[in-house]
Amino acid sequence: MCLAFPAKVVAIEESLATVEHSGVRRQASLMLLPEAKVGDYVLVHAGFAMQVVDEEEVRLRDALVAEMNGAPRTVFTL
Amino acid sequence: MSLVETIENLARGKKNLRFMEVCGTHTVAIFRAGIRNILPENVELVSGPGCPVCVTGDEYIDAAIAYAKMDGVIIATFGDMLKVPGSAENLAEVAAAGADVRVIYSPLDCIKIAQENPAKRVIFLAVGFETTAPTAAAAVLAARNLGVTNLLFLSAQKLVPPALKMLLADSAVRVDGFLLPGHVAVVTGADAFRFLQVPAVVAGFEPEEILLALVNLLRQVDEGRAEVANEYKSVVRAEGNLAAQKILAQVYEPVDAEWRGLGVIPKSGLKMREEFAAFDAEKVLPLEIKKSARKTACRCGEVLRGVIKPVECPLFGKACQPLHAVGPCMISVEGICAAWYKYGGLRL
């Protein structure tokens, strides 16, 4: 139920953001995270941005997922 | 040293330790990654009431079904609710018989459905924990601002901290620590769990993040500490999401609530404030629902408290399987029994 995914804010129009992850774009409301800015990574749940995510964490997570999908090892410490 | 080796070293020579996760997404992540199988024998992970669908009672489903059967009503719901059993049938069966039941991704989708169907009433089944409840509250505010008058909310949202308090007071539930739900803590903040008198760690959802949280729990046990640690700092702050908390408190107030299998837990549910009565399905369209206890051998009350394992229920894997489930823990994809069934729990 509480599933959420990190995505990058690429545009904001009033309180509605366009967010992108792996080339997929969706709308996410900023009613619960008014401080989000274009360029931030945000955690998205049920159509709402819930929190700003540390960008380095997103990069690390994406690299780990890439490794699991067969990419060469790039993450050595956690 | 790997995380698993660190866990082995910390657990060596200790009594049997039971750590409880209270998040369906954690339950599934732990099974999918096979974490239970690589832990030392004296470290056991048990699942608590971490799936909001699973703890929703028959009466709520019966009310949703009664609304679905009314003329001019559209039910909007998250997909997880469709097959949860009411006392006689579920929403998927009612939809198959002709009711208008629509699966939505966001509570905001309900506003669009309401605007497109001005002659009908849209009722959103507002189920969820602290993560999801603010999204419903925000949808109420958005509907009010847009002048939408044909959208109602049927509330069954629940709060996690009061349930943990009840579990700790239950002598049948023996836990040495909690893996705290990461996305609930995004909203509540890690500090909301400071009342716990046992080791507790806010955890993320990748296998490494879960192992990291287990290392932290074992270190606390090792050093005799009992505090709330945060191992999901990328999104969880000590104070949580204040804007979400504010919107939630504006629309909802805490109320005593019934949890399936656990009974009534004080101030563990949310009901809409009087100011928003025009959006409250129970106020606008009151129902007379007969309380009808289903007779079943389903032991979800004990499963949800971690008192028994799903395999100890006489129905598990026999009368109760995902395709013909008796209890909600087998139906919800994040249910404890469904996870045991799907990921080889039968062998454990």
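The values are calculated or read from the model by the stated rules, or taken from the named source; none is laboratory data. All of these numbers come straight from a predicted model, not from anything done at the bench. Heads up, the Cβs are rebuilt from the backbone with ideal geometry, glycines too, and the neighbour counts pull from every protein chain shown.
Enumerate the pairs (first residue in the range B:1-23 and hydrophobic (A, V, I, L, M, F, W, C); second residue anywhere and surrounded by fewer than 16 Cβ atoms within 10 Å (Cβ to Cβ) and not in a helix (DSSP H, G or I)) with beta-carbon separation below 7 Å, excluding pairs fewer than 6 apart on the same chain, so at least 6 apart or on different chains.
B:ALA11/B:ASN42; B:LEU17/B:ASN42
Of the residues that sit in the range B:62-120 and are surrounded by 15 or more Cβ atoms within 10 Å (Cβ to Cβ) and among the aromatic types (Phe, Trp, Tyr), which one is farthest from the other protein chains (Cβ to nearest Cβ)?
Within the range B:62-120, the match that is farthest from the other protein chains (Cβ to nearest Cβ) is B:TYR67.
Which of the following residues is at pLDDT 95 or above, crowded, with 19+ Cβ neighbours inside 10 Å, more than 28 Å from B:ALA190 (Cα to Cα) and within 24 Å of the chain's Cα centre (by Cα): B:PHE129, B:PHE124?
Working: B:PHE129 fails: more than 28 Å from B:ALA190 (Cα to Cα).
Unique residue meeting the criteria: B:PHE124.
Starting from the range A:26-38, keep only residues that are more than 7 Å from chain B (Cβ to nearest Cβ) and touching a residue at least 24 places away in the same chain (Cβ under 8 Å), then list their pairs with residues that are surrounded by fewer than 22 Cβ atoms within 10 Å (Cβ to Cβ) and not in a loop (DSSP other than H, G, I, E, B) whose Cβ atoms are within a distance under 7 Å, requiring at least 6 positions of separation or different chains.
Qualifying pairs under 7 Å: A:ALA36/A:VAL52; A:VAL38/A:VAL10; A:VAL38/A:ALA11; A:VAL38/A:ILE12.
Which of the residues belonging to the range B:49-77 are of a type outside the set (A, V, I, L, M, F, W, C) and either part of a loop (DSSP other than H, G, I, E, B) or free of Cβ contacts under 8 Å to residues at least 24 places away in the same chain (or both)?
To start, the set of residues in the range B:49-77 that are of a type outside the set (A, V, I, L, M, F, W, C) comprises B:49-50, B:52, B:56-60, B:62, B:67, B:69, B:71-72, B:77.
B:PRO49, B:GLY50, B:PRO52, B:THR56, B:GLY57, B:LYS69, B:ASP71, B:GLY72 - these are the residues of the range B:49-77 that are of a type outside the set (A, V, I, L, M, F, W, C) and either part of a loop (DSSP other than H, G, I, E, B) or free of Cβ contacts under 8 Å to residues at least 24 places away in the same chain (or both).
Among the listed residues B:VAL311, B:VAL326, B:VAL307, identify the single one that is more than 19 Å from the chain's Cα centre (by Cα) and hydrophobic (A, V, I, L, M, F, W, C).
Only one candidate passes the filter, namely B:VAL311.
Go through the range B:213-246 residue by residue and tally those that are surrounded by fewer than 21 Cβ atoms within 10 Å (Cβ to Cβ), of a type in the set (A, V, I, L, M, F, W, C) and within 14 Å of chain A (Cβ to nearest Cβ).
4
Among the residues in the range B:258-269, are any buried (at least 16 other Cβ atoms within 10 Å of the Cβ), more than 22 Å from A:ALA4 (Cα to Cα), in contact with a Phe, Trp or Tyr (Cβ under 7 Å, 6 or more places away or on another chain) and within 14 Å of chain A (Cβ to nearest Cβ)?
no
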